[in-house]
Amino acid sequence: MAEPAYVTIADDYARRIRNRSLAGGAQLPSHAELAERHGVSRSVIRQAIQLLATRQLVRTVPRRGTFVIDQSPVAQPESPTVDDDVDEIRAVAHPIRRAQLAANLITHYQLRIAELSGIRQTAIEDANDHGMSIADIGEHLGLANGRIGGLPRLDR
């Protein structure tokens, strides 16, 4: 049985990234351009990009594009946690500087939340494209029966 088109496409780009014919930081063509190039739908391209992202080979920046992640063997420093960031800001003595740092961190996390919202929306669209009803998707996400994450419905 042949592999799905998105797996074949993802494997091709993974090979190019690993053999460095696509360098770290390189931007992939748009979904529409990739779809045309490979003769598939944009949904198939979204799945291929998602698979590459899962393999930590690319990252997508909303409204900017998809970029190859540097695959050099240099160890990446462990990124600080949110708690570390907040604790560091709390420790700043100067109130204005503390406020500036807090505002910058808020902006950073708002951008990450927007990126995650886009990923979630794409996943919902992909599930719907594959025949799952919006009601079923909502139920799987805990949005059924007027409940979000187990919270009671607020009637107005």
- Note on the structure: In the neighbourhood of VAL68 defined by beta carbon distances under 12 Å, the net charge of the other residues (Lys, Arg +1; Asp, Glu -1) is +4
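Considering Cα pairs under 8 angstrom that are at least six residues apart, work out the relative contact order of the chain and quote it in whole percent.
18
Considering only the other residues whose Cβ falls under 14 Å of the Cβ of ARG37, what net charge follows from Lys and Arg at +1 and Asp and Glu at -1?
Summing Lys/Arg as +1 and Asp/Glu as -1 gives -1.
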- Residues whose placed amide H lies under 5 Å from that of LEU22, excluding near-sequence neighbours: ILE17
- Each label point is 7 Å from the Cα along the Cα-to-Cβ direction; what then is the distance between the points at ALA114 and ASP126, in nm? 2.2
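Give the calculated FRET efficiency between PHE67 and LEU143 to the nearest 0.05, with a Förster radius of 30 Å applied to their Cβ-Cβ distance.
Result of the calculation: an efficiency of 0.40.
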- Just one of [x] 68; [y] 60; [z] 71 is percent of Cα pairs over 19 Å apart as worked out from the coordinates here. Which one is it? [x]
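Laboratory data are not the source of any read-out in this text; all were calculated from the coordinates shown. What you see is a predicted model, and the numbers here were worked out from it, not measured in a lab. Backbone-built Cβ (ideal geometry, glycine too); neighbour counts: all protein chains shown.
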